[in-house]
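> Here it is, the structure in full.
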Amino acid sequence: MSQATPFERIGGAEVVRALAARFYALLDADPDYAELRALHGADLEPIRESLALFLQAWLGGPRDWFEARPGTCIMRLHRAMSVTPVLAGQWSDAMLRSIAADPRIDPALARQLGEALDRMAFAMVPRPEMAAG
């Protein structure tokens, strides 16, 4: 018997879409995320949909995000935006809050996802040795 993917364990597309919606609602409403919010356009719907599809694929669900963007590297895409430690921290904090707000997500899985997404956010911050080479 195969082990369930994180996508299945989290509750599927409905839970992932709710997570993305909460994340962007926080960015829109909480002044602590003002710098991160300023990087986005007025209409958050397209990026909300993109985040939901990315997370869905990243968690082992349908790969629509990657199929629509063949060869796209999410890390390279964000590194081109000059992500700072402050922006990475805002993204990570908002994502952790979004995950924690959903009682359908198992606390152990929530912790694992939060840690992995936190590492991903901070990995997008350019390191000095990257700029030199």
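The values are calculated or read from the model by the stated rules, or taken from the named source; none is laboratory data. Note that this is a predicted model, so its numbers are computed, not measured. Cβ: placed from backbone, ideal geometry, glycine included. Neighbour counts: every protein chain shown. Accessible surface areas use protein heavy atoms only, side chains included; no ligands, DNA or RNA. Shrake-Rupley method; radii C 1.70, N 1.55, O 1.52, S 1.80 Å.
> When residues of segment 36-57 are filtered for being outside any loop (DSSP other than H, G, I, E, B) and either surrounded by fewer than 14 Cβ atoms within 10 Å (Cβ to Cβ) or out of contact with any helix residue (DSSP H, G or I) (no Cβ under 8 Å at 6 or more places or on another chain) (or both), how many remain?
3
> Another one. Taking segment 1-21 only, how many residues are in contact with a Lys or Arg (Cβ under 9 Å, 6 or more places away or on another chain), crowded, with 17+ Cβ neighbours inside 10 Å and not β-branched (V, I, T)?
Residues that pass the stated criteria total 4.
> Next up: Could you check segment 58-74 and list, in sequence order, the residues that are of a type outside the set (G, A, S) and part of a loop (DSSP other than H, G, I, E, B)?
Within segment 58-74, L59, P62, R63, R69, P70, T72, C73 meet the criteria.
> What number of residues within segment 81-105 are within 20 Å of I10 (Cα to Cα) and either loosely packed, with under 13 Cβ neighbours inside 10 Å or free of Cβ contacts under 8 Å to residues at least 24 places away in the same chain (or both)?
Going through segment 81-105 one residue at a time, the tally reaches 4.
> Right, something else. Testing G114 on (1) over 17 Å from Y24 (Cβ atoms); (2) not in a helix (DSSP H, G or I); (3) not polar (S, T, N, Q), one condition comes back false. Which one is that?
(2)
> Sort out which residues of segment 34-51 are within 13 Å of A94 (Cβ to Cβ) and of a type in the set (D, E, K, R), and write them in order of number.
E35, R37, R48 - these are the residues of segment 34-51 that are within 13 Å of A94 (Cβ to Cβ) and of a type in the set (D, E, K, R).
> Kindly indicate the residue of segment 106-122 that is over 16 Å from the mean Cα position of the chain (by Cα) and either open to solvent by 50 Å² or more (accessible area, probe 1.4 Å) or polar (S, T, N, Q) (or both) and also farthest from E35 (Cα to Cα) among those meeting that condition.
Taking the candidates together, the pick is D106.
> With the structure loaded, tell me whether Y24 is out of contact with any Pro (no Cβ under 8 Å at 6 or more places or on another chain), open to solvent by less than 20 Å² (accessible area, probe 1.4 Å), more than 22 Å from I10 (Cβ to Cβ) and assigned to a helix (DSSP H, G or I) or whether it fails that test.
No: the conditions fail for Y24.
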